[in-house]
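Peer 1: Handing you this structure, nothing more for now.
The values are calculated or read from the model by the stated rules, or taken from the named source; none is laboratory data. Only a predicted model underlies this, so the values are computations on that prediction, with no experimental measurement involved. In this analysis, Cβ positions are derived from the backbone assuming ideal geometry, glycine residues included, and neighbour counts consider all displayed protein chains. To get the accessible areas, we keep the full protein, side chains included, count just its heavy atoms, and leave off ligands, DNA and RNA. Shrake-Rupley method; radii C 1.70, N 1.55, O 1.52, S 1.80 Å.
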Amino acid sequence: MIKGVSVVDAYIRVNDLSFFRGDRVIYENVSLTIPKGKITAVMGPSGTGKTTLLRLIAAQLTPTAGTIFVNGQNVHALSRTELYKVRKKMGMLFQSGALFTDMSVAENVAFPMEEHTKLSAKEIASIVSDKLHSVGLRGAAKMMPAELSGGMARRVALARAIALDPELVMYDEPFTGQDPISKGVLVKLIRQLNDSANITSVLVSHDVKESLSIADHVCILAGGRVIAEGSAKDILASEDPEVRQFLNGEPDGPVPFHYPESVDDSDVDLQGGPQSVASKSNKGGAIQ
Amino acid sequence: MKVIISLGAWLFDWLEAVGRAGIFLVQSVCRFPVRFSESVNLLVKQLYSVGVLSLVIILVSGAFIGMVLSLQGYSILAKFGSEEAVGQLLALSLLRELSPVVTALLFAGRAGSSLTAEIGLMKATEQLSSYEMMGVDPLRRVIAPRFIAGVICLPLLSLIFSASGILGGQLVSVGWLGVYDGAFWSSMQQSVHFDTDIMNGVIKAVCFAVVVTWIAVYQGYECVPTSEGIGKATTRTVVLSSLAILALDFVLTAAMFGDF
């Protein structure tokens with residue numbers, strides 16, 4: 001395992017985090033650090049709980065054990081009012097965009113400002129125009145979310161996420177389901193926003209190429225723990241078989257191809273009747 | 001023994017769910033009026049979609065129920081030579097019983113299901129999470145205006161249902177069956193009392209409104225955010241609301257008119 005880089009100025013500190021969903025372990029004693037003003041990519045196979053990590057950082061979920069400090073504050077020990085105050089400094093780009101479908105693009109971007117600032121309608125309109133310009137969609141201000149393509153919706157959501165000039169922006173799978181051009185645009189935008197506004201960015205993704213191309217710091221999660229942490233260069237040079245399997249997209253390796261079977265459901269019986277000998281003998285074997 | 005244990009477990013689960021739903025309701029309503037202009041805007045929008053858009057179904061159903069009541073009432077009353085009492089029969093059955101109950105059942109099907117589906121879909125598309133992430137309480141922004149709009153609309157729709165039913169009944173009994181117009185209205189005027197008949201009907205409608213809208217918004221907010229989950233929640237809204245309306249109607253009727 002690559003040692004985590006020493007980060008003096010950490011924006012987020014996750015200490016001994018454990019999180020269970022029912023009996024299923026999502027995280028067990030995970031500790032990681034997200035440096036201030038940098039882009040941190042949290043990567044890992046689907047189902048490792050990357051989005052869960054973002055929700056834990058935003059205190060939408062409560063950990064089973066452990067603490068998460070965001071800018072020095074333990075987010076899970078805050079009252080609801082204090083938490084909402086902290087969240088005003090966070091922006092989140094949801095996987096689906098999560099635009100409000102009953103509002104136009106401009107109204108979506110204006111919404112956080114109308115809620116949390118005392119700016120006049122004219123000032124808000126001018127900021128909305130700037131934010132939409134920064135994601136290249138000023139021309140789409142009057143469109144409704146249903147009229148936008150997936151890539152455009154994500155860019156509008158990005159404009160909305162940065163409307164209040166947050167200190168932290170979290171991106172949940174920003175590249176999933178995007179065409180190569182949209183991916184390129186998003187990569188450029190994330191880098192640009194991070195550098196121009198000195199934002200701390202956390203990027204959750206399993207798109208290796210795009211994530212490594214912009215990340216300053218990388219964390220790879222698998223099986224409920226951190227398997228690697230370091231700079232993009234460190235990660236690419238890693239000899240760890242788990243890391244190599246993930247980066248090279250090998251179907252089998254330390255992360256098994258087969259989802260672990262429990263004793264109770266080992267006999268797959270779609271018909272509801274007794275299992276045939278032939279199908280039982282094939283249990284756990286390779287695809288034939 | 002096992003049966004008693006599972007019955008106990010079911011009872012505890014049920015009580016827990018009711019408690020959770022109660023806290024949810026109190027939190028939604030208490031947090032609502034933050035900024036007056038914003039609250040009014042949100043409320044008016046919901047009054048339109050929950051109330052105004054339900055008008056057609058209420059008016060048409062009311063008219064038909066009034067017409068059917070008149071036909072049925074006339075055929076029985078005519079045997080005793082008291083056809084004029086059809087006005088009284090119509091007004092009392094509508095105001096005391098049929099308007100609040102049928103309006104609430106129609107409201108559960110038309111507006112309640114739509115509220116559940118809308119809120120469930122907002123949950124599935126992460127819009128509710130999005131509000132939370134922006135430091136905006138979804139209970140205040142999404143749930144409260146919908147709940148309050150439902151509570152305001154249903155009693156008004158119930159009164160409109162009564163009016164539409166009486167007019168429909170008048171059309172059939174006076175216009176078609178030939179009941180004397182003056183007798184139709186005067187029998188109604190003599191027998192209907194504002195406090196015992198009209199107000200009791202309104203009180204029933206308010207109770208149904210609280211229960212139906214509460215069930216609808218809670219089911220939407222707590223649903224499993226998948227297409228199957230939203231479908232099930234919508235069905236639950238209609239089934240639970242209908243059962244709650246009919247059971248509550250019995251309790252309220254016994255309390256209001258059971259004093260023989």
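Peer 1: Between A:Asp165 and B:Asp13, what's the calculated FRET efficiency when r is the beta-carbon distance and R0 is 56 Å? Round to 0.05.
Peer 2: Once the sixth-power term is evaluated, E becomes 0.75.
Peer 1: Go ahead and estimate [θ] at 222 nm for chain B from helices alone: -39,500 (n - 2.57) per DSSP H run with n ≥ 4, summed, over the residue count, rounded to 500.
Peer 2: Values: 11 runs with 191 residues, N = 260.
So the calculated ellipticity at 222 nm is -24500 deg cm²/dmol.
Peer 1: Okay, moving on. I'd like to compare B:54-66, B:106-118: which one has the highest average count of other Cβ atoms within 10 Å, and what's the full order after that?
Peer 2: Numbers: B:54-66: 19.2, B:106-118: 23.5.
Listed from highest to lowest mean packing, they are B:106-118, B:54-66.
Peer 1: Using a Debye calculation, one point per C-alpha and no hydration shell, please list log10 I(q)/I(0) for the protein assembly as shown at q = 0.07, 0.08, 0.11, 0.12 Å⁻¹ in order.
Peer 2: Here log10 of I(q) over I(0) equals -0.57, -0.70, -1.06, -1.17.
Peer 1: Could I ask something else about it? Which log10 I(q)/I(0) values, to two decimals, does region A:1-148 give at q = 0.10, 0.14, 0.22 Å⁻¹ under the Debye formula with one point per Cα?
Peer 2: -0.48, -0.87, -1.35
Peer 1: Could you give the size of the charge dipole of chain A about its Cα centre, using +1 on the Cβ of each K and R and -1 on the Cβ of each D and E, expressed in debye and rounded to the nearest 20? It would help to have the intermediate numbers written out before the result.
Peer 2: Details: 30 positive and 33 negative charges, 196 e Å.
It works out to roughly 940 debye.
Peer 1: Could you calculate the FRET efficiency of A:Lys233 with B:Val239 from 1/(1 + (r/R0)^6), where r is the beta carbon distance between them and R0 is 35 Å, rounded to 0.05?
Peer 2: 0.05
Peer 1: Which pairs, out of A:Lys85/A:Lys131; A:Lys142/B:Lys45; A:Lys36/A:Lys122; A:Lys50/A:Lys88, put more than 30 Å between their alpha-carbon atoms?
Peer 2: Where the Cα-Cα span goes over 30 Å, the pairs concerned are A:Lys36/A:Lys122.
Peer 1: Per-residue Cβ counts within 10 Å, from other chains only, averaged over B:166-172: what number is that?
Peer 2: Going residue by residue through B:166-172 and averaging, the value is 0.
Peer 1: Say the dipole of region B:43-257 comes from +1 at the beta carbon of Lys and Arg and -1 at that of Asp and Glu; which of B:Thr125, B:Val192, B:Ser82 then lies farthest toward its positive end?
Peer 2: B:Thr125
Peer 1: Under a Cβ-only charge scheme (Lys and Arg +1, Asp and Glu -1), can you give me the dipole magnitude of region A:95-154 about the Cα centre, in debye to the nearest 20?
Peer 2: Working: 6 positive and 7 negative charges, 38 e Å.
That gives region A:95-154 a dipole magnitude of about 180 debye.
Peer 1: Follow-up question, since we're still on this one. At A:Arg24 and B:Leu71, where each label point lies 7 Å from the Cα along Cα→Cβ, what is the point-to-point distance in nanometres?
Peer 2: A separation of 5.6 nm, rounded to one decimal place.
Peer 1: Quick check on chain A: helices-only [θ] at 222 nm, where DSSP H runs of length 4 and up contribute -39,500 (n - 2.57) each and the sum goes over total residues. Nearest 500, please.
Peer 2: Counting only the DSSP helices, I get -10000 deg cm²/dmol.
Peer 1: In addition: Using the Cα centre of region B:43-257 as origin and beta-carbon charges of +1 (Lys, Arg) and -1 (Asp, Glu), tell me which of B:Ser164, B:Ile58, B:Leu69 is placed farthest towards the positive end of the dipole.
Peer 2: B:Ile58
Peer 1: Let me ask you something else. Taking the simple approach of a point 7 Å from Cα along Cα-to-Cβ for both B:Phe257 and A:Asp252, what is their distance in nm?
Peer 2: Here the modelled spin labels are 7.5 nm apart.
Peer 1: So, in nm, how far is label A:Asn71 from label A:Gln192 when the simple model puts each one 7 Å beyond its Cα toward the Cβ?
Peer 2: Here the modelled spin labels are 2.5 nm apart.
Peer 1: Give, rounded to the nearest 20 debye, the magnitude of the charge dipole that region B:43-257 has about its Cα centre when Lys and Arg contribute +1 at Cβ and Asp and Glu contribute -1 at Cβ.
Peer 2: Roughly 320 debye, rounded to the nearest 20.
Peer 1: Other chains' Cβ within 10 Å of A:52-61 residues: what's the mean? Spell out each step's value before the answer.
Peer 2: On the way: counts 0, 0, 1, 3, 0, 0, 3, 1, 3, 0.
Mean partner-chain Cβ count within 10 Å for A:52-61: 1.
Peer 1: Follow-up question, since we're still on this one. Calculate what fraction, in whole %, of the accessible area of region B:43-257 sits on carbon and sulfur atoms when a 1.4 Å probe is rolled over the protein chains.
Peer 2: Carbon and sulfur: 72 percent of the exposed surface of region B:43-257.
Peer 1: Here is a follow-up. Would you mind giving the mean number of other chain beta-carbons within 10 Å of the Cβ of each residue in A:108-117, as a whole number?
Peer 2: Partner Cβ neighbours, averaged per residue: 3.
Peer 1: Can you tell me the length gained on complete extension of the stretch B:Ala78 to B:Leu171, counting 0.36 nm per residue apart and subtracting the Cα distance?
Peer 2: Full-extension gain reported as 31.8 nm.
Peer 1: Moving on to the next point. By the gyration tensor of its Cα atoms, with a ≥ b ≥ c the square roots of the eigenvalues, what is the shape of region A:67-222: rounded for a/c under 1.5, prolate for a/b over b/c, or oblate?
Peer 2: Values: a/c = 1.76, a/b = 1.06, b/c = 1.66.
Taking the square roots of the gyration eigenvalues as a ≥ b ≥ c, region A:67-222 is oblate.
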